[in-house]
Structure formats: structure tokens, C-alpha cells
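Have a look at the structure below before the remarks.
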Amino acid sequence: MLNQYSLKLPKAVYSGDGALNLITSILEGEKGKKTAVFTDQGIEKAGLLKEPLELIKASGKEYILLNEIPPEPTCDEAQKVIDLFKASGAEFIIAIGGGSVMDIAKLASVSATDRYGVRELLDNPGLAEKCVNTLMIPTTAGTGAEATPNSIVAVPEKQLKVGIVNAAMIADHVILDGNMIKKLPIHIAASTGVDALAHAIECFTSKKANLFSDTFALAALDLIINNIQASCHNPDDMQAKNAMLTGAFYGGVAITASGTTAVHALSYPLGGKYHIPHGTANAMLLAPVMRFNEPACRERLAQAYDRVAREHETAASSEEKSRWIINKLEEIVENLGIPSSLKDYGVKPDDLDELVLAGMGVQRLLVNNMREVSPQDAREIYQGLL
Ligand SMILES: NC(=O)c1ccc[n+]([C@@H]2O[C@H](COP(=O)([O-])OP(=O)(O)OC[C@H]3O[C@@H](n4cnc5c(N)ncnc54)[C@H](O)[C@@H]3O)[C@@H](O)[C@H]2O)c1
Ligand SMILES: [Zn+2]
């Protein structure tokens, strides 16, 4: 039988130190007089806008700054920013930020229309049609949102985060410049980096994994496992930082071609109800879920070992290799000091029933998990984090 795979990608990706300078020529090649710059207060305070705004000015285009995007936005917060964008008449979008900023910019790129809003897209993502072109400049390494057709928003009444997926939202241009993550505070670098790590290992062990996604998932895993600690701990290690940005981008491509699994599924209610940042929630769940999955994906984990382990490692059997990978995931999360207990976020044992119900509701991702997750399994996994 001939299997069919599909891979949808941004039209152009520019990577490496100084890639930011391409903003001017990218803008010169785009239509319209006005550009909307999507960003947030944290990016502005970190001084990350100065250079991009100068480069926009150099192109002769006007811009409007939309800098009020909150972290992990709700669908209604997203709509507010999109309304400002629509009123501005801008014909091109530049997103400078992490996943929160890029996701709203992606939604805006299909929303310069009165035919639907964000809530209608939640019910029917198929409505989305491209309205304006986009340039994504990630400042975390990270979500890989610059590569994916996904936009994730919190839906308060469901106490969940929900993904809107439509290929119309894939970026046109992407700039991966290590200078944008150079001064990332370590706690953000750590949790967003482990999010990228989770994308790689989940997509490689997903039921949806295929030749295309494996190529990107394994390359992402190799880059991330072997650079995350240096990138987080050493502000001047530009090689490690650029490697992380590339790894996170590859992780996004792997999501597009495959899909994440139970780590992301069980983390959605932690973000939606307890407002635990996306990367932190995934970091808490990563090793426990992969340990649960191990019997069903031992050979895959052994293959991952063969790709990422360096010469001095001595694991020989599949069992040893898969154990090495899971221990490595756990060691990275521990060494980066990411919070590991749900108690720190106010989750109580009495909350478990609701948490299990909400987590089991994310069937869109649970169906990708190689080992079936029962409500009792989900309960035990959450319980282990209390
Ligand atoms: N679309 C996708 O494919 C996809 C995939 C995974 C996650 N997500 C979503 O992305 C969001 C999380 O994105 P994130 O993890 O990148 O974090 P984020 O965008 O929420 O940013 C977290 C914080 O870090 C700050 N920050 C970001 N970059 C900085 C820098 N270089 N220097 C200083 N401060 C900086 C921001 O101001 C913000 O306060 C969640 O909503 C999540 O659900 C989307
Ligand atoms: Zn993620």
C-alpha cells in the first residue's frame, strides 16, 4: 500500500544571526502601505522592538503597533486585538513574540473580514480564508507557532485551551534570529524550550508519525536535547540559541505533519483552568507521560536514542535506550528548575475529577497516543504531580 503524507510549510524561512535585517526587503516585496506589528508588553520592555521598527521605517512603510496581547490569550482577548487590526486597514502583519503573539497574528491574518470572528472559527475552523500575508519572528524557542497552521486560544467557559487549525494561517515569511532570544529570562527559555522538546518527542511517538514528520521530529530532538541547557544557561552561546530556534521551528513542522499526543492533551486543562503556562504544564507532564507510553513506543524511543546520543553513551538494548531518553527528558526538566508540582498552582486533590474529565475531552490529541489513555490512567498521571 502506498501511504500518503502531506507537508505544508511557510513560503520562506531565513535563519541565523542578523537574519532580522531582511525585514526591510521582505516588506518592500509586499503590497500595501501599512503594516501591523503584533507584539506584547514583555517584548517591548525587553527592548526587542527597537531594531525591527527601524527596519520597517527603512522600507518606507507605515506601521501600527498592537502591543497589548496578553500571555496565553482567550478567544475574546484575541478578538479585541483583531478588531484593532481590522480598523487599522493594515495590509501586512509582522508578529514579534512568542506563541501567544504569533497565534493571534495568525488568526488576524484570516480575519480581515466581517464574515466570521474568532468564536465562529472555534466552532468551524474551515471558515478561515487568508486575508493578508504574514512575517513571524519568534522570540521564544518555543512553540514552533511560526511553522504551524494552529492557533491556540483559551476558552474561559470551557476552562480549556482550544486549537484552531487551518492551513490558511501558515506564515508566509519566518525569521529565526538567535538575537531575539538572547536575553530571554531563564525561566521562560526553560519552559518554552521544553515545550519544543515535547513537540519533537510526541510527534516522533505519535500514531500520526510518518516519513516527513520523522525527519523533522528527529532533527528537532537532536538539536534541542543537545543545546537546550547551554542555550538556557549561557547568554552568549549564540550557536546553541540559533540551534534552539531551528529545533523549535522543526518541532512546529513535525506538529504540522504529525501531531502531539497525551502530554499536550493532558496539559490543556492545566493552562485553561489553572493558567499554568503552556511550556510549564508540558514540562510537568513530559517524563510521566512518556514513562506511561514507554511499553507502546519502546522501539521508537530507541531510534530517538540512536539519533541523539553521542559516542560516549553505552545503552545497547532497546529497553536501555528508551530508558535513557526518558531519564534525559526528566533530567533536563529538573536541571532547568521548572516547577514540577501542581500544588504550586493551587491544584487540590479534590480537583482531580474535573481535571480528568477535561483532559479526557482532548480526544483530538489523545487519539494520537500510541498507548490508550483511560480516565484512570489520566487520574494517576495527574495524581503523580500533586
Ligand atoms: N500555534 C502553535 O502551534 C502553538 C504550539 C504550542 C503552543 N502554542 C501557544 O503559544 C502560547 C505560549 O507561547 P510561548 O510559550 O512562546 O510564550 P508567550 O508568548 O506566552 O510568552 C511568555 C512570556 O514571555 C515573554 N517573552 C517572550 N519572548 C521574550 C524575550 N525574548 N525576552 C523577554 N521576554 C519574552 C512574553 O512577553 C510573555 O510575557 C500558548 O498560548 C500556547 O498554547 C501555540
Ligand atoms: Zn506545545
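Since every read-out is calculated from the coordinates, none of them should be taken as a lab result. These figures come from a predicted structure and were not determined experimentally. Cβ coordinates were reconstructed from backbone atoms using ideal geometry, including for glycine residues, and neighbour counts include every protein chain displayed.
Past 28 Å, Cα to Cα, is the threshold; run 11/45; 158/182; 34/161; 207/321; 207/328 against it and keep the listed order. As for pairs spanning more than 28 Å Cα to Cα, those are 11/45; 158/182; 34/161. Per-residue extension of 0.36 nm, minus the Cα-Cα distance of residue 129 and residue 319, leaves a gain of 63.7 nm for this segment. Exposed loop positions in the chain were taken to be GluC sites (Glu not before Pro) whose DSSP state is not H, G, I, E or B and which have at most 10 other beta-carbon atoms within 10 angstrom. Between these positions, the longest stretch is 1-310.
Quick check: the angle from helix 211-225's long axis to the longest principal axis of the chain, C-alpha only, nearest 10 degrees? Taking the Cα atoms of the chain, the angle to 211-225 is about 80 degrees.
As a calculated quantity, the FRET efficiency between residue 158 and residue 380 at R0 = 30 Å, using C-beta atoms, amounts to about 0.80.
If you keep only loop residues by DSSP, which trypsin sites (Lys or Arg not before Pro) in segment 65-140 have at most 10 other Cβ atoms within 10 Å of their Cβ?
Numbers: sites: 80, 86, 106, 115, 119, 130; in loops: 115, 130.
Passing sites in segment 65-140 are 115.
The angle between the Cα long axis of helix 278-308 and the main principal axis of the chain comes to about 60°, on a 0 to 90 degree scale. Shape of segment 297-382 from its Cα gyration tensor (a ≥ b ≥ c, root eigenvalues): rounded if a/c is under 1.5, otherwise prolate when a/b > b/c, or oblate? Judged from the Cα gyration tensor, segment 297-382 comes out oblate (a/c at least 1.5, b/c at or above a/b). Could you work out the relative contact order of the chain, using alpha carbon pairs under 8 angstrom and six or more residues apart, expressed as a whole percent? Reported relative contact order: 16 percent.
Pick out, in residue order, every one of the trypsin sites (Lys or Arg not before Pro) in segment 265-322 that is DSSP loop and has at most 11 other C-beta atoms within 10 Å; say none if there are none. Answer by residue number: 310.
Ranked from largest, the principal axis spans of the Cα set of the chain equal 60, 49, 47 Å.
Computed 3J(HN,Hα) for segment 252-258, one whole-Hz value per residue from the Karplus formula 6.51 cos²θ - 1.76 cosθ + 1.60 where θ = phi - 60°, is x, 5, 4, 4, 4, 8, 10, glycine and proline marked x.
Run lengths n ≥ 4 of DSSP H only: what is the helix-derived mean residue ellipticity at 222 nm for the chain, with -39500 (n - 2.57) per run over all residues, to the nearest 500?
-15500 deg cm²/dmol
For the chain, the longest principal axis of the C-alpha atoms and the axis of helix 318-335 are separated by about 50°. A straight line joining the Cα centroids of segment 64-90 and segment 96-113 runs 8 Å. For residue 106, the aspartates and glutamates whose Cα comes closer than 16 Å to its Cα, not counting residues fewer than 8 places off in the same chain, are 40, 68, 72, 76, 77, 83, 91, 120, 129, 146, 172.
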